[in-house]
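What follows is a single structure, written as structure tokens, with notes after it.
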Amino acid sequence: MTDTCSVLVVEDDAGVRTMLADALHSEGFAVRSASNGRDALAVLDRWHPDLIVTDLHMPMMDGWAFLAELRRRVDVGNIPVVVISAGPWDQIRIEGLDAAAYVKKPCDIDALLSAIRQAVGNVEVDALEAFPRLSSREDTAALMMEVAAVEDAERGG
């Protein structure tokens, strides 16, 4: 077992995906990302993370279809999943996802990190506690401002 916990972030919004990946990376996680369920399955053909963080509403293959296919696969079907979504989903349908946790968007990074840490019981606690923490909501706000600046630059604004 390695000291670094690996996470696949599946999120269609490039700004949110970058913000989540950067925040997790700064916490010491090895992170890869995908923009939809289909791309995530392609990543999983080559790499098996300790945990998956996924949105539900995405193009090409949404989170519902992605999770159904994930659970059918013998090699990756037991990877814990933390679902992030802004959707007003029915609680019974959410429970049917077989997810380790559900975090509402917009994500509070501390709530997401807590859900991730609880979900990865196979990772040594000492290794996780050694990772630096985002010290405050200001750090999260600064990350979000950086993402917004990048998006503005991409739009030519």
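The values are calculated or read from the model by the stated rules, or taken from the named source; none is laboratory data. A quick note: this is a predicted structure, and the numbers were derived from the prediction, not measured. Heads up, the Cβs are rebuilt from the backbone with ideal geometry, glycines too, and the neighbour counts pull from every protein chain shown.
For beta carbons closer than 6 Å, sequence separation of 6+ or different chains, a first residue in the stretch 49-68 that is in contact (Cβ under 8 Å) with a residue 40 or more places away in the chain and a second that is assigned to a loop (DSSP other than H, G, I, E, B) and among the polar types (S, T, N, Q), the qualifying pairs are Met58/Asn36; Pro59/Asn36. All of Arg38, Arg71 fail the test of being basic (Lys, Arg) and within 26 Å of Gly121 (Cβ to Cβ), apart from Arg71. Residues that are among the aliphatic types (A, V, I, L, M) and assigned to a strand (DSSP E or B) were ranked within the stretch 1-14; the one that is surrounded by the most Cβ atoms within 10 Å (Cβ to Cβ) is Val10.
Let's see how each residue does on (1) at pLDDT below 85; (2) surrounded by fewer than 12 Cβ atoms within 10 Å (Cβ to Cβ); (3) farther than 23 Å from Gly37 by Cβ:
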{"site": "Leu56", "(1), (2), (3)": "no, no, no"}
{"site": "Ser85", "(1), (2), (3)": "yes, no, no"}
{"site": "Trp89", "(1), (2), (3)": "yes, no, no"}
{"site": "Pro106", "(1), (2), (3)": "yes, yes, no"}
{"site": "Ala119", "(1), (2), (3)": "no, no, no"}
{"site": "Glu129", "(1), (2), (3)": "yes, yes, yes"}
{"site": "Met144", "(1), (2), (3)": "yes, no, yes"}
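The set of residues from the stretch 15-54 being modelled with pLDDT of 90 or more, among the charged types (D, E, K, R) and surrounded by 19 or more Cβ atoms within 10 Å (Cβ to Cβ) comprises Arg17, Asp50.
From the list Asp12, Asp62, the one residue that fits, being under 20 Å from Lys104 (Cβ atoms), of a type outside the set (Gly, Ala, Ser) and at pLDDT 90 or above, is Asp12.
Count of the stretch 37-59 residues, restricted to those that are within 12 Å of the chain's Cα centre (by Cα) and either under 16 Å from Cys107 (Cα atoms) or not in a helix (DSSP H, G or I) (or both), is 8.
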